[in-house]
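Undergrad: Sharing a structure below in structure tokens format, with a few things to ask.
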Amino acid sequence: MLFGSCQPEAVSDDCSVVPGLYNMASFPIGVAVDLVELENNQAYEALLDQQFNQLTPENIFKADALHPGQNQFNFLVADRLVAYAEQENKSLHGHTLIWHQQLPQWMEGFSGTRSEWEAMFKDHIQTICSHFKGKVRAWDVVNEVFNEDGSLRQNIWLEHLGPSYIEKAFRYAHAADPEALLFINDYNLALSSKKQEAFYKLVDDLRKRGVPIHGIGLQMHISIAFPSDDALGSCIEELAKLGLAIHLSEVDISINPYNRNITYNTDLANRQARKLAYLLQAYQRLPEAQQYGITFWGLSDLESWIPSYFGRNDAPLLFDRDYQVKPVYCQFKKLLP
Ligand code: XIL
């Protein structure tokens, strides 16, 4: 039962914020950043600066932001985040080069021959990778390329370039920035075995053919109800067999996945804490060399994309809407090595 009335024992009694959560971990602890908040909200900036040492731009590195016209790239805003990261000594995770969402209108409406599509695709990837060369640690090169049944998602890239667009994206990115680690990122991999199998096969094939791919991003938009702990654990363990770096890239744990009329309470808080504890422990079982980092998809429940995007009441992150720590934070902190 999801919102049962039995009260589990408290998961952690020690619940204070530590200066430098990231100092407690042997891998980076990341967060999706909203630059508007970072530049205008001192409390946001202070907490983010104090707790996290890797930044994923939540929206400003997406195609619509960086490439608003065919011959127009806009790096002004993104470069402010680069400057912040450099100044504060935080690594940057580039998100994302090739995706089916948040595309500029001109790109969705682009008409051209196959070789014109190819040139546009290559220019998009390489202009962006060259611009950020030496400044980003890694890129999500392709994002969400699979459907739930394991088939490739229909998008403009598949339609105009065929399935080899995936491999080409990695080759073009690598040529433009040979030092950057290149990731494939997707969601629901622990929920759909067909999707997980197809993902595994694709990455295995790319790797065996020498395509420059270095990491797997598991988004981890999960909930207290699903996937099961076993499914989460075995997904991480299975995909790690590919030998690449593993990034838990967009972690949030919904307490209200079925959009019910609920209020946040101790029971839900404890279930959320236990879910993250399980996820962290599964991650810690990986060889250290594969532990690229864990990134939370937002600083606090106030900035989380879930309430506005899905239109529901939720509290999926480490800090509450007043930037106070939640049991999920305390449990996570307690389990860091
Ligand atoms: C989301 C952002 O958090 C929202 O602000 C935006 O409106 C939509 O995109 N998978 C991804 C992320 O790879 O880029 C998405 O981010 C969440 C799902």
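Values in this text are rule-based calculations from the coordinates and carry no lab data. Everything numeric here is computed off the predicted structure, so don't read it as measured data. Quick reminder, even Gly has a Cβ in these numbers, built from the backbone with ideal geometry, and neighbours come from all protein chains shown.
Undergrad: For the range 191-270, what's the relative contact order in percent, using C-alpha pairs closer than 8 Å and at least 6 residues apart? Working shown, then result.
TA: Numbers: 67 pairs, mean separation 28.7, N = 80.
Once divided by the residue count of the range 191-270, the mean separation gives 36 percent.
Undergrad: Sticking with this one: Apply 1/(1 + (r/R0)^6) to the Cβ-Cβ distance of residue 73 and residue 209, taking R0 = 35 Å, and write down the FRET efficiency to the nearest 0.05. Before the final figure, lay out each step's value.
TA: On the way: r = 31 Å, r/R0 = 0.88.
According to the calculation, E is roughly 0.70.
Undergrad: Using +1 at the C-beta of Lys and Arg and -1 at the C-beta of Asp and Glu, which of 134, 26, 93 has the Cα lying farthest in the positive direction of the dipole of the range 1-146?
TA: Projecting each Cα onto the dipole axis, the largest value belongs to 134.
Undergrad: What is the distance, in nm, between label points placed 7 Å from the Cα along the Cα-to-Cβ direction at residue 309 and at residue 237?
TA: Distance between the two pseudo-spin positions: 2.9 nm.
Undergrad: Of the options 234, 251, 296, report the single residue whose Cα projects farthest towards the positive end of the charge dipole of the range 21-335 (beta-carbon charges: Lys, Arg +1; Asp, Glu -1).
TA: Most positive-ward Cα: 234.
Undergrad: Further, regarding this structure: Could you check the simple spin-label distance between residue 226 and residue 113, using points 7 Å along Cα→Cβ, in nm with one decimal?
TA: Roughly 4.8 nm, to one decimal.
Undergrad: Please compute the contact order of the range 122-202 in relative form: average sequence separation of alpha-carbon pairs under 8 Å and at least six residues apart, divided by the residue count, as a percent. Numbers along the way, then the final one.
TA: Values: 92 pairs, mean separation 37.0, N = 81.
Relative contact order of the range 122-202: 46 percent.
Undergrad: Let me ask something else about it. Tell me the chymotrypsin sites (Phe, Trp or Tyr not before Pro) within the range 231-291 that lie in a loop according to DSSP and have at most 13 other beta-carbon atoms within 10 Å. Provide the component values of the computation, followed by the final result.
TA: Details: sites: 258, 264, 278, 283; in loops: 258, 264.
Those that pass, being in a loop and sparsely packed, are 258.
Undergrad: When the chain is fully extended, how far beyond the present Cα-Cα distance does residue 289 get from residue 152, taking 0.36 nm per residue of separation? Before the final figure, lay out each step's value.
TA: On the way: separation 137, 0.36 × 137 = 49.32 nm, distance 2.98 nm.
That pair, residue 289 and residue 152, stretches by 46.3 nm at full extension.
Undergrad: Quick one: angle between helix 114-131 and the longest Cα principal axis of the chain, in degrees between 0 and 90, rounded to 10, please.
TA: 50
Undergrad: What is the calculated FRET efficiency for residue 91 to residue 261, with r their C-beta to C-beta distance and R₀ = 45 Å, to the nearest 0.05? Please report the intermediate quantities before stating the final value.
TA: Working: r = 41 Å, r/R0 = 0.91.
Plugging the Cβ-Cβ distance into 1/(1 + (r/R0)^6) gives 0.65.
Undergrad: For the range 1-148, give the magnitude of the charge dipole about the Cα centre (Cβ charges: +1 Lys/Arg, -1 Asp/Glu; no others), in debye to the nearest 20.
TA: On the way: 8 positive and 20 negative charges, 122 e Å.
Around 580 debye, computed over the range 1-148.
Undergrad: Under the rule of at least 5 residues apart or a separate chain, name every residue whose amide H is placed under 5 Å from the amide H of residue 251.
TA: 295, 296, 297
Undergrad: Taking the Cα centre of the chain as the origin, how large is its charge dipole in debye, to the nearest 20, when only Lys and Arg (+1) and Asp and Glu (-1) carry charge on their Cβ atoms? Walk me through the numbers on the way to the answer.
TA: Details: 28 positive and 42 negative charges, 141 e Å.
Result for the chain is approximately 680 debye, rounded to the nearest 20.
Undergrad: Which whole-number percentage describes the relative contact order of the chain, with Cα contacts under 8 Å and a sequence gap of 6 or more? Intermediate results must be reported in sequence, preceding the final value.
TA: Details: 595 pairs, mean separation 64.3, N = 337.
The normalised contact order for the chain reaches 19 percent.
Undergrad: How large is the dipole of the range 76-204 about the Cα centre if only Lys and Arg carry +1 and Asp and Glu carry -1, each at its Cβ, rounded to the nearest 20 debye?
TA: Working: 13 positive and 18 negative charges, 33 e Å.
That gives the range 76-204 a dipole magnitude of about 160 debye.
Undergrad: For the range 35-88 and the range 261-337, what is the centre-to-centre distance using only Cα atoms, to the nearest Å?
TA: Using only Cα atoms, the two centres lie 22 Å from each other.
Undergrad: For the charge dipole of the chain, defined by +1 on Lys and Arg C-beta atoms and -1 on Asp and Glu C-beta atoms about the Cα centroid, which residue among 163, 61, 105 has the Cα displaced farthest towards the positive pole?
TA: 163
Undergrad: How many percent of DSSP beta bridges within the chain run antiparallel, rounded to 5? Display every interim value, and only then the final one.
TA: Numbers: 3 of 37 bridges.
Bridges in the chain that DSSP calls antiparallel: roughly 10 percent.
Undergrad: Could I ask something else about it? Hey, can you rank 187-194, 36-43 by average C-beta count inside 10 Å, highest first?
TA: Those peptides, ordered most packed to least, come out 187-194, 36-43.
Undergrad: Beta carbons within 10 angstrom, averaged per residue: use that to sort the peptides 234-244, 69-79, highest first.
TA: In descending order of packing, they fall as 234-244, 69-79.
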